[in-house]
Structures are given as structure tokens and as C-alpha cells.
Amino acid sequence: MIPIDDSPLVRDGKVLILAYDHGLEHGPVDFTDVPESANPERTFEAATHPAVTTVAVQKGIAEAYYPSYEDDVNLLMKLNGTSNLWMGEPDSAVNCSVEYAYEVGADAVGFTLYGGSNHEIEMAEEFRAVQEEARAYELPVVMWSYPRGQGLKNDTSETTIAYAARLALELGADVAKVKYPGSKEGMEHAVRMAGKTKVVMSGGSKTTDREFLESVKAVMDAGGKGLAVGRNVWQREDPTRILDALERVIYEGASVDAALEE
Amino acid sequence: MIPIDDSPLVRDGKVLILAYDHGLEHGPVDFTDVPESANPERTFEAATHPAVTTVAVQKGIAEAYYPSYEDDVNLLMKLNGTSNLWMGEPDSAVNCSVEYAYEVGADAVGFTLYGGSNHEIEMAEEFRAVQEEARAYELPVVMWSYPRGQGLKNDTSETTIAYAARLALELGADVAKVKYPGSKEGMEHAVRMAGKTKVVMSGGSKTTDREFLESVKAVMDAGGKGLAVGRNVWQREDPTRILDALERVIYEGASVDAALEE
Amino acid sequence: MIPIDDSPLVRDGKVLILAYDHGLEHGPVDFTDVPESANPERTFEAATHPAVTTVAVQKGIAEAYYPSYEDDVNLLMKLNGTSNLWMGEPDSAVNCSVEYAYEVGADAVGFTLYGGSNHEIEMAEEFRAVQEEARAYELPVVMWSYPRGQGLKNDTSETTIAYAARLALELGADVAKVKYPGSKEGMEHAVRMAGKTKVVMSGGSKTTDREFLESVKAVMDAGGKGLAVGRNVWQREDPTRILDALERVIYEGASVDAALEE
Amino acid sequence: MIPIDDSPLVRDGKVLILAYDHGLEHGPVDFTDVPESANPERTFEAATHPAVTTVAVQKGIAEAYYPSYEDDVNLLMKLNGTSNLWMGEPDSAVNCSVEYAYEVGADAVGFTLYGGSNHEIEMAEEFRAVQEEARAYELPVVMWSYPRGQGLKNDTSETTIAYAARLALELGADVAKVKYPGSKEGMEHAVRMAGKTKVVMSGGSKTTDREFLESVKAVMDAGGKGLAVGRNVWQREDPTRILDALERVIYEGASVDAALEE
Amino acid sequence: MIPIDDSPLVRDGKVLILAYDHGLEHGPVDFTDVPESANPERTFEAATHPAVTTVAVQKGIAEAYYPSYEDDVNLLMKLNGTSNLWMGEPDSAVNCSVEYAYEVGADAVGFTLYGGSNHEIEMAEEFRAVQEEARAYELPVVMWSYPRGQGLKNDTSETTIAYAARLALELGADVAKVKYPGSKEGMEHAVRMAGKTKVVMSGGSKTTDREFLESVKAVMDAGGKGLAVGRNVWQREDPTRILDALERVIYEGASVDAALEE
């Protein structure tokens, strides 16, 4: 962890990453309900919302679409990722070098670590290289810290999420993206374990406005610093509406009721 | 994806790759019916047809035969490939470096990715290196995006082809070569998923003129940008005739009937 | 082994490493009894005690917390380590390069070798690279020498500990951190096998003051040069009290009774 | 394939490689019948015969013996090879770098590829590096193209040999060394598949003068460019006699009868 | 093989390596009978005997003890080695780079190759790198050529030892250290297979003076160039006495009786 509050990834100490790497990780199926969501431009448009501090995409999407948005959107290059056609133990291909991310204009980089996978050690060593190179380019590093694989009985237990948050701190991530452990207390535990590393919640699959915002509110109340969200934004017919609400909850400390009223 | 419309790989926004790496991938058996097709010169001659934007070959063929055709033919160096003697999970050896492809005079490079193979991650990481180096040499990158291997139940289903096209976009290919999903609608879905990455159909095994041209026509109507074809050209007694027809369908928007009439 | 008596890792020929990498190796569970121990600052504060020659942490902890303590604490960067979510044969990811450790301000580096693991050879080769690079930066090298894995029947037998100590000498570590073999005689054997390499005892899980100090005293009497201790310091309510006692036993040669009396 | 007719490997468009790497590949057993054949000097002496265009040896033999013969013999450095103590799938260690081969004075390099082995892809990638580096040093590349391993039912069938020859062309070898497929027709097929890459026959185990020369004659009549022979030369009491005959058959187009009469 | 007769490894064309890497390879158990043998200084003292051309140790021992003896002893850095805690197929970690060995003052380097192991190919490739780098530093290369592992029925048969010796020649070692095949005739066979590479006998486990010297005598009579001996020297109460006898047998051609009389 190094100080990143002055970086484009952060606004008032908070982080809202609009994640859009699902075309790689899940495939076209995620675009079924809202077909126009397959078009990256729709998400880049959403990312111009002031609540969003960065959009997180894979290299190919960044190359093709970011040039049209570089004045209005900050870019988080997700450096690894794998299709769900992959049948092996959880693992993630490194699809972009830090140097190339920098050339494309990235303001931050993201990296998945599957703690507990049979590929954990290989991934941790890839993370080391990425993290140290990111330091050289002064790019903040976000770890998608997702324990998963052989031997993981419950990857959203409070214990597992707390360990995930700690891994991010110990290994040198500036931001830890973890799943919601199901309660504010669970999130407080994770936040405490992460020390100076900022913890943000992974948005997960689409749910109702209220349910989603309540988890976000619990995260903020627990000391979390924000959110990395994808489907709960761009799988909605109107991404702007939920982003407005997120702005109120995350940056203005509004209650869920207040945020929903707008 | 970066803009490639001004590159030799593209003519009027369309692409017609004459693929001739079957001697490696399938072996001499593909040359049985038209014995003279074993001679690369015959395919290079065919590639002088204006419909063809590049010929795709492996390094050894390029070294030996391209010097005689470099004024009349554009070269796409296929960088990986493997014999069908290989019995393991789908994988492909990297047989040529980008730098060497450039020295031999390549105008573009091609790379196979077997999504879903147990070697997917290794191949994706090889692709990353190739793609980024190709950017440095300003060579367009074509991905042979062929989901295949353990766990793939149907590698020509509409769902699989759409995922294949999306992988090409997400990972940074400029052109996605995918199999024909069996219908114009299937191809439309793939084209939509590929975003700004151009989608071309893989020609597949030899069929009748009409059947072949109808699939090409469906691809073009679906928003596809062309074709990478091998056997359906050089396994014909007269490659020029079918190339004339392809020129009409791909570049002039002719109907299959009109194209066949000539 | 090279002479390290003039380095910050050593005081009067003795070594007391305050180890705090348990958040990675064991996870948050180690912080349960003393919740504030999860905060690295508490351990850095403890490390300002004159008995402590260095604090041993992973890269992320060093980046985030060491800058506030660099005038008062010496840093030993632990270069490898792995979560206990890992289910494979004992192995350890290299999480920090020597060069980066040096940039962060490390005064020494630490590396775990699991002799007897199916990853022993890979780890030994990683150690080679680390050790030789550490020589270039003039950083002392501490080996956590822990035989473990397939075929190890008893990893705290006198025989195994003696072999562990010898491995550190043979492979070029300046300090060997080994487990307590259960007796002064066992430690003498290990010390003899380590030759010019200093042997320090691994503190192990928390026990009573007397039991802990008696093992330390036995180590010193056996010719050991000190201690690498974590839980037996920071899992205590008052780390300072036990550090005071350690100072007396390690540097002043006091008896356990005398040390406990203070 | 690049033009190599002006290289020392070639005489009048033909190639005769005297192979002597059997001490590595087969071990001392190959020297049993003619004990003095264990001495590399005997083979280097034989290689001074004008029929021989290069002697093919491993690095160690080249280092030790080539300096005494460098004025009279051309050197083909065999870059990979493995003992027959190896029990795994067919594979071959890279025992010499191209750079070092060049320093020792090599005029050409040789490399084995076991198509169809579970190590085929790894070997093909090693070949790529070797081939491209050889281009930089302007050293012709000979591929020992030997399909072998899991799934190969018959490694001397006409089909397999033809594929082997094609692999050499596709991957960029200048000369393909293949086994004799048993007939002139089989060899013609292989030669046709190899295109501009020269095909030479692998001499195989020792046989009678007539039988051996007849296979050589069939190869030449089939369009083959020569021979890589070991045991059929140096396992004979008088290597010169058979080399005289080979000279007549290969370079002068003599019949077997005529060649044997001398 | 390159000429090494002028190097410190050789005296009058003969070689006597005093090996002391048993603390790594076998562990402390080898020091049980003569406890002071655990102290490397005792072996370095023995190595000042004029019969000894080099002492062979691992990096850590060299770093710690060689500086005090560099005026009186020549150093052979053993570059690989592994503890016997390792349960896998025979393999050996590369524990020291050639460059670092050179910096520490090595006069020669040593490397183990387990022909026939499932790691043979990996080890041969590591040997290649080491051998070529050693050439750059002008350091003679000694191969510990020990066929071992899956499929080896008898690793001290005459046939196996002869193959081991040949491997050293083929792969470019200057000296081959092989086990004693049990007879002078067996050693003659090995020596003949090794060609210009010098063959030395591996001393093996401790035996009586007479038995040991008789095997040495047989080696010298068979054309061997000397000995690499460890336990038969430093496991004796008086290393000097046996070294005196070795001097007579190896350098002066004395009979065993004559050597024992002194």
C-alpha cells in the first residue's frame, strides 16, 4: 500500500470502479437481458458519471474504446482474466503488461488473486511482478482478492473474506476488492484486517436497488471505501439512476431511503 | 483492436485471408485430391487474385516462397500451429516470433487461441506477448478463436462462437476468425459481441460452390467482414473461379446466384 | 555466510527478529485473542524496543507502515510466503524482489526453504537467485529452514533440525532460523552443523513466559545467536515486558529467573 | 528454407552428413563391433573424404576433436539430443546454443523434432528459437524430423514420413532428415511434400553394402538430396570404401552395381 | 572438453578433488563417526595437502571458509546439489551461478547429471548453460555423471559407467566423475568411451585403506586420471595419512603396498 488519495482512482478517499470485464470472464450470456450492454460504449458512457472513479476493462476493450473517452473517464486496466470455458483449478491469464497498460493510458491496474487455488503461488508471483512494475509507473494496484479452489469450503464466509482482505495488505495492493461477507460486522472485520489498504466491495450479480444499496451502505458504514460494480449498473435499463444513488450513499453518506427517493 | 482499415490486410473494410497452413495442421492428407496443391507456389499464385488481401502461412513456407511474390501478395504470418500428430489437449506451438515475421516481410500476424483447452491460459499469455509486440511493429493481429478441448460440448454452437468472437475483442485482436455458427442470426450475434473487432468466417472443409458461397453471403449480411479460407479455394481445380465469385460476394455485395453466374 | 556482525540485523553478535508475517501465513485467526495485534503499527511500536534488531514483514506491510518507523526500526523483508489456504505440497510464493526490498529500505532479507518438500528444488533455486542478488545489495540473508512435506516423518526431531541448520550453511544463508529441537543438546548439534552461519530459534506458538524463556535460554547456552519470534511477543497483552526479559536473556546472559524477576 | 547451395553443407546441390552422435543417443553399445569406432578421431578422419559435406556431432565432441580437423572437415553441430537411459515420452535436451556452436566453428546446425510426442510443442518452440538464431548467424538448419511417441502407430509409414518432411518445410528447416519410407515412391511423396526444403535419408542401422546403397539410390532417384549416415559408415571396418561408393551414387549418379564394382 | 592441463584443477595431468558437499547431499549423519569432520575448516586444512588439486564444496561453505584458505587451496564450486530429504525422481537444484562462483574465487566448477532420471533433460539443459558460461570464465567443468532413477536397473554396472563417461564427453565436460565399475577392465572401458575427457573415480563410502587404494590403483592403471574423494579422506581420523598414500599412487605410480608402507 502506498498513498493513492491523490490518484484518479480515488475521489474524496472513496473508490467506485465500474467493472466491465464480464465479456471475458462470463461471456455473452451476461448481456442477454440488456442486449445493448454488449456494446462497450454504453458502459463507457455510464463511466462518465461523476460517481465513477474508473472503468475496469481488459486490454482489447481499452484499446478499442478508451481513446474516445480518455478525457472523461479514468481507466483501470484489468491485467489478468480468463474465460469461463476454462475447466481447471481457478487461474487467470495475464493478458496485458503493466507497460502496455500505461501506454494505453491506464490510471490504475487490477489483478485477480485466487488464494487457495492450486495456482495461488503462481498467481502471487505474477502479482509481485505486476505490483513492482506498477510502482515504477506510479499506477495504483487493485487486487481482486477471491479465495477460491480446492479446499475452499465457503468463499464468502466472514473468515475467508477477512483473510482475502489481509492478503491484499500483505502482498502490497492499494485497494482490496472482496466479496460482501453478508453483514456489516463481517465487513468491519475485513476492513480491520486490511489495515491501510482500502477495501471495496465486489458488486456481484444483479439484485434489487434496495438490496444492492443496503449492502453498499453496510460496506461504507463498516469502513469500506467503496465499490467495484458491474452487473448491478450496466445490467440495469438505466445505469445513471443507480449511479446517482451510489453517489449519494458513497460520497455523501446518505441513507438508502434517501438515495432511493431521488 | 486498433484501426487497421489502412493496412494491407484490409480492402474496402473487408478481409479475405487465403489460409495455407494445412500442411502443418493436417498434414499431406489435405493435398491428396489435388496433388499440385502441395506446392505452395500454386497458392501464392492464387493469392495474387485481387480478392485476396493476404495469404496466411507458417514461417517456413514464408521464408521459402514469399520472396518471389512479395510484390504481388500480402503476407500474414501465422505465428503458432501444431501437427495433428499431437495427442494432448488442444495447444499450439509458437513457431515464429513477431520480430522474425516482420523481418520476413509480414503485413499482419495470426495466432490461434483454444479457449476452454487446458492450455487456454498459457496460450492467452503467449497471445499477450505477441499482441503487444505486434503493436510495436504496427502489424494487425488476427485471432483464430477456436474454443476447443475438455469441457467443450459443442464448438460450433451459436453460444460458443459468440464467446469466441468476444474473446478476440477482449484480448485485443483486430480480426476474429471464427467458425460459421450455422446461420446468419448466429453470425449476427457473434458480430455484435465482437464490437469493433472485425469478424471473419473460417472457411472449413471443402463443400460445393453454392453451399460455400451461401455461408459467405450470410456472414457478410450478418455484418461479418469477410473470410479466411483455405481448402475451399486451393482444393478446387480452379482457385481463380471461386475467388472471382468471392470477390463479387464480399466486395461488391452480389447475390450468390449472381456470383455463380459469372 | 559472509560477516554480518556490523549489519543492523546484529547487535553484539546476537539477533532478535520480531516476525510479523502471520497475517499472510496463518491469516486473521492469529489476531483473535489480541484483536489490536492485527494492526501492524502495534508490532512496529514493539520493534522500537532495543532488544529487537529487525522486524520481519511482507512487502505490503513494509510499504504501508515502515516509512513511519524507518528511523527507529530495522527492516527485514520476508521475500516469500504463502497463505494457509494453499493445499499443495509445502511451497512459498516469492512476493518481493530483492531490488524492491532494497528500495523500500530493507536492512536484511528472509526466505523460507521447505527441505524435503516436492518443491524443495524449485525453492532452492529461487533462494540461489535471492541470495546472490542480496550479496550485490549487501543485505544479510536469513533462511527460514523448515524441512516439511512428503516423506518428513518428524519435522522437529533433532536430526531434522540439524539438517535444516546445515542446509542454511551449505546454501549460503547468513542466519538459519530453525525450530527448537526440544533440548539444549539438540540445539548444540544444530549449531555445530551450521558452522559460521548463526542459528536462531523460531519462536513458535504462544506459551507461558517461563516456558518460552527457558527455550530461549537453552538456545543461547547451546551457542545459538538469538531468536525470531512473533506470537510469543505480539500475542501478549504487553509485548514490552517479554522483550525486556528477552533482552536480559539474549544480550546480558541472564538466567530465566533473573529475567522474570524484573 | 533459405538458399543454402553455397554453404559448406552442400556440394553440387547434394548433402552427405556423417552423423556421429550415437555415443549420446545410443551409448557405447554402438561401438561394440568395431571398438576403435568409439574414438571420434576415426570418424573425423572419415569425414575428410570428399563425399562428406559435414560431420554431425554433439558439442563435447566438437570442442575436443574439431580443432584438429577444422581445415579439412565441415562441422554440423547437433544442438539437441538425449541418452537412451531416458524413459519418458520422446524428448531431446538442448545441449548447445547456436551462439556457442558458431564460436566452436559450426558450418550448420541440427535439431531433432519428435512430432507426435507429448513434448512436440515444447520441442517446436525450442526449434523456433534455434532456427531464428541460426538465421542471424547464417547457419543452415537441418531438422531430424522423426515423428515418434504416444499415438504414433507406425513411424516409418509413407504417410508419417511425408508428414515429417512437410513439418520441416513448414517450420523453416533447410534440410529434412527423415527415415526411409521403404520405397522410391514413398520417398517421392516425401520429397514433394518438402517443397524447397532438401530431403535427406537417415542411414539407420547397419546393413549390407548393396542393401544400403540401393536405398540411397532410391532416395536420389526420388529427388532426395542425399544422406545423413552414421553406423553404415563408421560401423564398417573400412569407412572409405563405402564413402567411395556413396560418392559415386550421390554425386555422380552411378548405379549401385557400378558403385560396388570399384 | 578443452585443454585444462594448465589449470589449477590438474597436477601433472592428474586430478584429486577433495569433495565436501555431503552436509548438503547426505546431511549431518555423515559426520557422526568423526564429529569434528562437521567443521569445514578440517577439510580445508586437509586440502592444503599437495596431493589435493581442488576442494569441492557448495556455495555457502565456499563463502564462509574459502577466504581463509584461498592462498593454499584451489576451489571447485559444486554448482548443484540437493538434500536427501528430497523424495522425487533424482534431481539437483542449481545452488550457485557460474558468475558468482567466479566472484568467490572458484578455479573450476562441478555439476551433477542424473542420466536416466525423469529430470535428465532439464538437468542436461541446465548443464548446457553452466558449461557455456564456464567457458566464458575459463573455468574447467567437472561432471558428476551418475545415471540414476526410473529404469536404471544397476547404476554401477560396467555398461552404465561407460555410458556415464561417454555422456560427459558428448556434453562437453572436461572431467567425468564416475563410480567405480568394480574392475580395472570396467574402468578401461569407461576411459576409452570418455575420449579426451579425463575420467576420475568417485570415492564412495568409507572402506579400508587397502581396499580403497586398490580401487584407486586400478583406476590409474586403467587410464583414469585420478579421484574425487570425500568420506574416504575426511571420515578418517588422520586425513593426511591417506592423502600421502594417494599422492604416491596417483602422482608417483606407486603400488598399493609401497604406498601403505610409508
Heads up, the helices (runs of 4 or more DSSP H) in the stretch B:166-234 (entirely inside) with at least 1 residues that are crowded, with 24+ Cβ neighbours inside 10 Å and away from chain A (no Cβ under 14 Å) are B:209-221, B:231-234
Those residues of the stretch E:82-120 which are in contact with a Phe, Trp or Tyr (Cβ under 8 Å, 6 or more places away or on another chain) and of a type in the set (F, W, Y) amount to E:Y102, E:F111, E:Y114
Among (1) within 14 Å of chain E (Cβ to nearest Cβ); (2) open to solvent by 10 Å² or more (accessible area, probe 1.4 Å), C:Y100 falls short only on (1)
query: Is the stretch C:108-123 home to any residue that is under 15 Å from C:V178 (Cβ atoms), among the β-branched types (V, I, T), at the interface with chain E (Cβ under 8 Å from one of its Cβ atoms) and surrounded by fewer than 23 Cβ atoms within 10 Å (Cβ to Cβ)?
result: no
Quiz item: With respect to D:T82, is the statement that it is out of contact with any strand residue (DSSP E or B) (no Cβ under 7 Å at 6 or more places or on another chain), of a type in the set (S, T, N, Q) and open to solvent by less than 30 Å² (accessible area, probe 1.4 Å) true?
Solution: no
Residue pairs qualifying under the 6 Å Cβ cut-off, at least six apart or on distinct chains, with the first in the stretch D:247-262 being touching a residue at least 40 places away in the same chain (Cβ under 8 Å) and the second being of a type in the set (D, E, K, R), are D:I250/D:K14; D:Y251/D:D12; D:Y251/D:K14; D:V256/D:E214; D:V256/D:K217; D:A259/D:R248
Out of (1) more than 27 Å from D:N118 (Cα to Cα); (2) among the small types (G, A, S); (3) facing chain D (nearest Cβ under 10 Å), the one B:S83 does not meet is (1)
Residue hits (the stretch B:134-159; in contact with a Pro (Cβ under 8 Å, 6 or more places away or on another chain) and either at the interface with chain A (Cβ under 8 Å from one of its Cβ atoms) or not hydroxyl-bearing (S, T, Y) (or both)) are B:A134, B:R148, B:G149, B:D155, B:E158, B:T159
Screening E:K14, E:K59 for residues that are among the charged types (D, E, K, R) and surrounded by 24 or more Cβ atoms within 10 Å (Cβ to Cβ) leaves only E:K59
When (1) surrounded by fewer than 24 Cβ atoms within 10 Å (Cβ to Cβ); (2) within 17 Å of the chain's Cα centre (by Cα); (3) touching a residue at least 40 places away in the same chain (Cβ under 8 Å) are applied to E:D33, the one that fails is (2)
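May I ask you to say which residue of B:L246, B:L171 is touching a helix residue (DSSP H, G or I) at 6+ places or on another chain (Cβ under 6 Å) and within 26 Å of B:V109 (Cα to Cα)? Don't jump to the end; show me each part of the working.
Numbers: B:L246 fails: touching a helix residue (DSSP H, G or I) at 6+ places or on another chain (Cβ under 6 Å).
Checking each option against the conditions leaves just B:L171.
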Subset of the stretch E:19-46, residues among the aromatic types (F, W, Y) and within 11 Å of chain C (Cβ to nearest Cβ), comes to E:Y20, E:F31
Taking the stretch C:124-165 and keeping residues of a type in the set (F, W, Y) and either crowded, with 24+ Cβ neighbours inside 10 Å or in a loop (DSSP other than H, G, I, E, B) (or both) leaves C:F127, C:W144, C:Y146, C:Y163
Given the condition within 29 Å of B:A124 (Cα to Cα), more than 9 Å from every other protein chain (Cβ to nearest Cβ) and not hydroxyl-bearing (S, T, Y), answer yes or no: does some residue in the stretch B:61-73 qualify? no
In the set A:E262, A:E211, A:E252, the lone residue that is at pLDDT below 95 and over 23 Å from A:G116 (Cβ atoms) is A:E262
Being touching a helix residue (DSSP H, G or I) at 6+ places or on another chain (Cβ under 8 Å), in contact (Cβ under 8 Å) with a residue 12 or more places away in the chain and closer than 25 Å to A:E25 by Cβ narrows B:N84, B:N80, B:N95, B:N118 down to just B:N80
Taking the stretch B:107-121 and keeping residues farther than 18 Å from B:M77 by Cα and touching a strand residue (DSSP E or B) at 6+ places or on another chain (Cβ under 8 Å) leaves B:G115, B:E120, B:I121
Per the filter on the stretch E:17-28, residues under 13 Å from the mean Cα position of the chain (by Cα) and either open to solvent by 10 Å² or more (accessible area, probe 1.4 Å) or hydroxyl-bearing (S, T, Y) (or both) are E:Y20, E:D21, E:H22
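The values are calculated or read from the model by the stated rules, or taken from the named source; none is laboratory data. Predicted model only: the values in this text are computed from it and were never measured. As a convention, Cβ positions derive from the backbone with ideal geometry for all residues, glycine included, and neighbour counts pool all protein chains shown. When the accessible area is computed, the model is the full protein with side chains, heavy atoms only, and any ligands, DNA or RNA have been set aside. Shrake-Rupley method; radii C 1.70, N 1.55, O 1.52, S 1.80 Å.
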